[in-house]
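Before any comments, here is the structure.
The values are calculated or read from the model by the stated rules, or taken from the named source; none is laboratory data. Just so it is clear, the structure is predicted and the values come from calculations on it, not from any experiment. Here the Cβ positions follow ideal geometry from the backbone for every residue, glycine too, while neighbour counts run over all protein chains shown.
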Amino acid sequence: MKGYILGLDQPQKRRGLITLYQKLLNTSLIILGFTLIYFLFRELFYIIKDAFLENNNVHDILGKVLVFFLYFAFVSMIVKYFNESNHFPLDYLLYIGLTAGVRFIIVNNGNPLENFWLSLVILILAISYVMVTPKMKR
């Protein structure tokens, strides 16, 4: 009934709409990927500048390294999307969450209670990763 009201009662029209949405999604991801690559290299420039020229605070540099790796993870996730025939594998998303959580604990070690809760989240993500990923892939 809904398809008839919208004028999408024919399978060909629905396929055309799905194709349009897929092209819009792919175009948006390509634009997002180039934007993230720009910010990735900008962050790398700031890291090199701080490490060699002016900033002696290790925590500031590590914070920038964390941001760099987050950009890198998102760019690699977009690449993985196109390599996996236009879908994000669940195990890859869990892996990115695991590594981002560990990096966050390493850089931000000031609040022990926050680190405890984050480590529990990391444990849950690790258990989920083991459950989702087939033995041959691990």
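Is it the case, given these coordinates, that Gly33 is in contact (Cβ under 8 Å) with a residue 12 or more places away in the chain and assigned to a helix (DSSP H, G or I)? Taking the combined requirement at face value, the residue satisfies it.
When Ser28 is tested against (1) of a type in the set (S, T, N, Q); (2) surrounded by 10 or more Cβ atoms within 10 Å (Cβ to Cβ); (3) outside any helix (DSSP H, G or I), exactly one condition is not met: (3). None of Leu70, Leu66 is in contact (Cβ under 8 Å) with a residue 40 or more places away in the chain and in a helix (DSSP H, G or I) except Leu66. The numbered conditions (1) surrounded by 13 or more Cβ atoms within 10 Å (Cβ to Cβ); (2) closer than 17 Å to Leu66 by Cα are all true for Ser128 except (2). Confirm whether Ile47 is outside the structural domain of Ile124 (by TED's automatic domain parsing) and surrounded by 12 or more Cβ atoms within 10 Å (Cβ to Cβ). So Ile47 fits the description; yes. Residue check: Ile61 meets all listed conditions (1) surrounded by 15 or more Cβ atoms within 10 Å (Cβ to Cβ); (2) at pLDDT 85 or above; (3) over 27 Å from Ala126 (Cβ atoms); (4) among the hydrophobic types (A, V, I, L, M, F, W, C) but one, namely (2).
Filtering region 79-113 to residues that are surrounded by 15 or more Cβ atoms within 10 Å (Cβ to Cβ) and either of a type in the set (Lys, Arg) or not in a helix (DSSP H, G or I) (or both) leaves Lys80, Pro89, Arg103, Asn108.
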